[in-house]
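Notes to accompany the following structure.
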Amino acid sequence: MGYGPPPAYGQPQGYAYGYPTAPRNDGMAIAALCCGIAAIPLTLLCGLGVILGILGLVFGLVSMRKIDRAAGALTGRGMALAGAICGGVGLALSLGYWVIIIIAAASDSNALGALATV
């Protein structure tokens, strides 16, 4: 028949034409999850989670749309959703952090006087 020799020991076995490939994770979903998770502690430490929060939120939303359009070829919708949620939480925490800092600086007359003399 038309079959070739079997593969050598330790060699990967080839598949016939038409075998479905395994769905792969979307890289943007992984990036959304990493950015979203990193935004929260970075906000709590120094208030600089705004950029990572925005990136996590945007990457998550774009990745969910991309996964929905891929019709099963991509996976990672849960990671994208978690990244978008964590990015949104990190963004909200960071904005709240900066609002509190600005209000505290504005209510302290000594801080305003020091800023005015600079």
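Read the figures in this text as sums done on the coordinates, not as results from a lab. The structure presented is a predicted model; accordingly, all values stated were derived computationally and were not measured. Reconstructed Cβ throughout: ideal geometry from the backbone, glycine too, with neighbour counts over all protein chains shown.
Tabulated data for the structure shown
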{"read-out": "Estimated inter-spin distance, VAL58 and CYS46, nm [label 7 Å along Cα→Cβ]", "value": "2.2 nm"}
{"read-out": "Where the Cα pairs of the range 24-117 fall when distances are cut into 10 Å bins, in %", "value": "20, 34, 21, 13, 7, 3, 0"}
{"read-out": "Under Karplus coefficients 6.51, -1.76 and 1.60, residue-wise ³J(HN,Hα) of the range 98-107 in Hz, glycine/proline x", "value": "6, 5, 5, 4, 5, 5, 5, 5, 6, 7"}
{"read-out": "Inter-label distance for ILE100 and ARG24, nm, one decimal - labels placed 7 Å from Cα along Cα-to-Cβ", "value": "4.3 nm"}
{"read-out": "Per-peptide average of other Cβ atoms within 10 Å, ordering 26-35, 98-107 highest first", "value": "26-35, 98-107"}
{"read-out": "Sequence-distant residues sharing a close amide H with THR75 (under 5 Å, placed H)", "value": "ARG24, ASN25, ASP26"}
{"read-out": "Positive-end extreme of charge dipole, the range 24-117 - chosen from GLY83, ALA104, ALA70 (charges on Cβ)", "value": "ALA70"}
